[in-house]
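A short write-up of the structure that comes next.
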Amino acid sequence: MYQSYFNFSELPFSISPDPRFMYMSERHQEGLAHLLYGINQGGGFVALTGEVGTGKTTLCHCLLQQLPDNVDIALILNPKLTAVELLATICDELGIAHASLSAKSLIDAINTYLLAAYAEGRRSVLLIDEAQNLSLEVLEQIRLLTNLETSKAKLLQIILVGQPELNQMLARQELRQLNQRITARYHLGPLSLDETRAYILHRLRVCHGSHRLFQAAAIRKIYRYSAGVPRLINILCDRALLGAYATNARQIGPAIIVRAASETLGPRRAAVKQRYVAAAATLALSVAAGGYVWWTDRPIVQTAKPLAVSEAAVAVAPPPVEAKPLAPAFQEWLDEAPASPDVALAELLRIWRQKPTTDTPVNCDSIATLGLSCLSGKASWRELIRLDRPALLVLNDTRGQKRYVLLTGADPSRAEVRINGDKSFPLVELLTLWDGNYLLLWRPPRPGLTEIAPPQKSADVVWLRRQIGKVAEVPAGGDPQLFDDALKTQLVAFQRQQQLTPDGIAGARTLIQLQNRSGAEDSPHLDINPR
């Protein structure tokens, strides 16, 4: 009803798990990284848990869009099945023909399929949503499926996604064999106040809505009622927009949120949430008022140790920091920033002391001829700072148009950017419009090299051993050209230290961090000022 009233291209706060609306908070990025790590690692179990409405199912849909081409996945959304029904559903999902519905024939059919897929270099994954509803009998059958293996590898990777009750089930004595096979676990928590604000603005940008639609005080109310749970945020925002439409309001204020909470959560529940969640949010904000902290081993926002919340504490806590509209200087500059990456890429090349050619377009293919490689993707601010390279950032302006800017430095409260000269702006202004997309340049040990993996045997491994030896100060023994288990162990330790995915493969991010820590290459770096 309100879509045309606010000129939305589509409804921004639908509770359906549409990956296009997925706001990748740092927690969601880490959760997705755990799922991808589990799939790339192969074998065993991965467990992803989270409270109702925190975005687990949406994260699973994002995972489906990022699966490698050689991965086949069986997705089970309704786990209230018997053991035989589960086996039959796996066959249906993977397209496995089966003659009967006996457990033995189904398992034999699955095993034959998995062996054939493995021989073709394909991997098979079973993903079960709402796994807390699985019976003990079905969980035991799932465990037995991991016994399908060759002498070198497990044939089936299993991902269990569920509410916190799943962890309680797995901790039971009769499930200890399954619990011991879980190789990666992650608990998806609710959003912070800053993330709630960014979440709302992100969904508005996707449907071309105004970033000024929700007042700062209204967003604080939404956070207090929802406790940062995305599904509740969607419900409150949707009802608030309907209320604004009904009253001909053009902006959402706190009064509309209070009324929306009363209609959706119920008066009594809304009052309880307002009383206790507001206390926790206010205390957290009073601690976080120091600003963004992005140094390598610290979280983006400083937090205090958990405190006991009382009604008296609310009375003495300082008021939360209110988000302000974009500063006019930043908005004016952003409107002049290029809508194409060419200009920023050309400037990025100049920082690398390379001159763009005039007869070929500036892109990653032409850049590769200069001995450089592009690294692009999504990252949190902390992860981007750790990479420590000038980076092209993709910003979405207030009209939903993409703008490309070049990040050259940062400190705890400001970002240094360059397009038509160097500018310095409040970090919070940039983070409000940045959705995590970036592109940076780096120089591989040799042109075109982006990965060194076991059991490779080459001169690249010699380079890797040398860099690991500089960082660990303990050279690995063995054949210098062979990527053996000892070298992999050292690499995994380095990856954990740098908060990278500990997969034992030296990919682009790992190679960059090795260069940073060992001083292996003279690259341009961000102008970091820790103050």
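The values are calculated or read from the model by the stated rules, or taken from the named source; none is laboratory data. Since the structure is predicted, the reported quantities are computational estimates derived from the model, not experimental observations. Using ideal geometry, Cβ is built from the backbone for each residue, glycine included, and neighbour counts are taken over all protein chains shown.
Before moving on, here are some points about what is shown:
- Count of residues meeting criterion [modelled with pLDDT of 85 or more and either in contact with an Asp or Glu (Cβ under 9 Å, 6 or more places away or on another chain) or in a loop (DSSP other than H, G, I, E, B) (or both)] in the range 348-362: 3
- Just one of the listed residues (158, 182) is in contact with a Phe, Trp or Tyr (Cβ under 6 Å, 6 or more places away or on another chain), surrounded by 22 or more Cβ atoms within 10 Å (Cβ to Cβ) and closer than 29 Å to residue 85 by Cα, and it is 158.
- Checked against the criterion of being out of contact with any Pro (no Cβ under 8 Å at 6 or more places or on another chain), on the phi < 0 side of the Ramachandran plot and modelled with pLDDT of 90 or more, the candidates 410, 379, 391 yield just one match: 391.
- Residue 97 of a type outside the set (S, T, N, Q) and out of contact with any Asp or Glu (no Cβ under 9 Å at 6 or more places or on another chain): yes
- Residue match in the range 123-130 (condition: outside any strand (DSSP E or B) and closer than 30 Å to residue 227 by Cα): yes
- Restricted to helices (runs of 4 or more DSSP H) entirely inside the range 168-226, those with at least 3 residues that are among the hydroxyl-bearing types (Ser, Thr, Tyr) are 216-226.
- Within the option set 9, 4, being modelled with pLDDT of 80 or more, over 26 Å from the mean Cα position of the chain (by Cα) and either surrounded by fewer than 19 Cβ atoms within 10 Å (Cβ to Cβ) or over 30 Å from residue 120 (Cα atoms) (or both) holds for one residue only, 4.
- Test: residue in the range 183-190 that is among the aliphatic types (A, V, I, L, M) and over 20 Å from residue 60 (Cα atoms): no
- Residue in the range 432-443 that is part of a loop (DSSP other than H, G, I, E, B), touching a Leu at 6+ places or on another chain (Cβ under 8 Å) and in contact (Cβ under 8 Å) with a residue 40 or more places away in the chain present: yes
- Counted residues, the range 134-155 - those being crowded, with 17+ Cβ neighbours inside 10 Å and out of contact with any helix residue (DSSP H, G or I) (no Cβ under 9 Å at 6 or more places or on another chain): 1
- Some residue of the range 71-87 being part of a helix (DSSP H, G or I), polar (S, T, N, Q) and in the same structural domain as residue 51 (by TED's automatic domain parsing): no
- Filter result for residue 25 (surrounded by fewer than 19 Cβ atoms within 10 Å (Cβ to Cβ), at pLDDT below 85 and of a type in the set (Gly, Ala, Ser)): no
- Restricting the range 123-133 to residues that are among the charged types (D, E, K, R) and either exposed (fewer than 15 other Cβ atoms within 10 Å of the Cβ) or touching a residue at least 60 places away in the same chain (Cβ under 8 Å) (or both), the residue that is farthest from residue 108 (Cα to Cα): 129
- Annotation: residue 518 fulfils all but one of (1) at pLDDT below 85; (2) surrounded by fewer than 17 Cβ atoms within 10 Å (Cβ to Cβ); (3) among the small types (Gly, Ala, Ser); (4) more than 24 Å from residue 389 (Cβ to Cβ); the unmet one is (4).
- Among (1) closer than 22 Å to residue 153 by Cβ; (2) over 32 Å from the mean Cα position of the chain (by Cα); (3) outside any loop (DSSP other than H, G, I, E, B) - the single one residue 96 does not satisfy: (3)
- Picking from residues in the range 436-468 that are modelled with pLDDT under 85 and of a type in the set (Gly, Ala, Ser), the one that is farthest from residue 404 (Cα to Cα) is 448.
- Test: residue 30 is acidic (Asp, Glu), part of a helix (DSSP H, G or I) and modelled with pLDDT of 80 or more: yes
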